[in-house]
1. By how many degrees, between 0 and 90 and to the nearest 10, does the Cα long axis of helix 63-74 differ from the longest principal axis of the chain?
2. Once every DSSP H run of n ≥ 4 in the chain is given -39500 (n - 2.57) and the sum is divided by its residues, what mean residue ellipticity at 222 nm do you get, rounded to the nearest 500 deg cm²/dmol?
3. Evaluate the relative contact order of the stretch 17-261 (contact order divided by residue number), counting alpha-carbon pairs under 8 angstrom at least 6 apart; express in whole percent.
4. How big is the gap, in Å, between the Cα center of the stretch 89-148 and the Cα center of the stretch 154-197?
5. What angle, in degrees between 0 and 90 and rounded to the nearest 10, separates the Cα long axis of helix 88-99 from the longest principal axis of the Cα atoms of the chain?
6. Angle, helix 148-157 long axis vs. longest principal axis of the chain, Cα atoms, 0 to 90°, nearest 10?
7. Of all the C-alpha pairs in the stretch 113-225, what % are more than 18 Å from each other?
8. Taking H placed 1.01 Å from N in the peptide plane, check which residues at least 5 places from residue 168 or on another chain put their amide H under 5 Å from its amide H.
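Where a number appears in this text, it was derived from the coordinates with a stated rule and is not lab data. Since this is a predicted model, take the numbers as computed values, not measurements.
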Amino acid sequence: MRVPETLLIPGPVSVSPAVLEAAGGPVPAHYGEDWVAVHRRLTTSLRGIFGTAGEVFLLFGPGTAALEACLASSLVPGDEVLVAVNGMFGERLAEVCGALGLLVHRVVPDGREPVSPAQLRRAAAQHPDARAFAVVHHETSLGLLNPVGDLCTAARELGLLTVVDAVASLGGVPLAMDTWGIDLCVGVGNKCLGAPVGVSPIAVGARAWAAVDDGRRKPAGWYLNLATWRRYDEMWGAWHPSPTTMPTNAMLALAAALEELERRGLDEHRARFARAAARVREGLRELGFEMVIPDEHASPVTTAVWGLPDMDVPDYLAWLRTERGLRVGGGLGDLSARAFRVGHMGRAADADVVDAYLGATADYLALKR
């Protein structure tokens, strides 16, 4: 029997036994009094993690689908949008906007750096007809955090609708949607929240609903239309709180993960990732590695690391997987075969997993000397 890998990638994550048990239980119906209670507990818990008093919807699909729903429900083809781009997923966000017929203006910093409010303000001055600003909070291709609080505060002052990709940050780093002026925010269950793939929560603020309801014909269609989700929640919420059949086991697993998070406490949950990240970075530096992003801009959720000179990074990743059952992420884009990425979520934050990874890396280097 094949031994399961332990995931030290930027997501999905290796989940706890309790979450795995919830995912593997009997399949419940996606409606009825008992199911509504589960659904409402989930959305209430997620409001606290998003930092919002607004509505939360549980989309069945990947984070990219949820981002498309936000953009396609609030904007129309031809609308101008400023998109922060400093990595692969910022570029993907720009591509999603372009696919919807939006006119994209990229806000690109110099080098591998966060986007700054000053850069956003300059872009807004250059494109005064822009209606929205979209940004990735945690750019996992680099393990870099953008200052979303400062950026969205500035965007709100500029009159821009704000759309935040918190897919890789929700539950892992501080997020204060209402305080920071975020109008639409997307997460997933399968990263910092410690659940399997399947559910992508969307949080919607009042200004976002004003955009959805402004009378212009949106390209969202039916399923990826926030108005559809709101309408069905209003019509059927007492017994069937979503417009379609939902992945009930994935939602039960997310509920189990959130129960673990709440027992631990959100601050400690996030601190656990930060401790793992600090230990991994310290241990890798002791072995001679350099980080791609300096610590002041680095995420506590994922670390991108340059390979050593003359190191065969793909060989290292394959050896970790086949010899030690540890899957570490490869570099993306121009980092491919030059760098690797270590996730610190789920079981990858456990001290014994961190020690096993660092020990395996030391063993690999000793073998190759």
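1. With both axes taken from Cα atoms, the answer is about 20 degrees.
2. -13500 deg cm²/dmol
3. 30 percent
4. 14 Å
5. 30 degrees
6. Around 20 degrees separate the two axes.
7. Everything past 18 Å amounts to 53 percent.
8. 138
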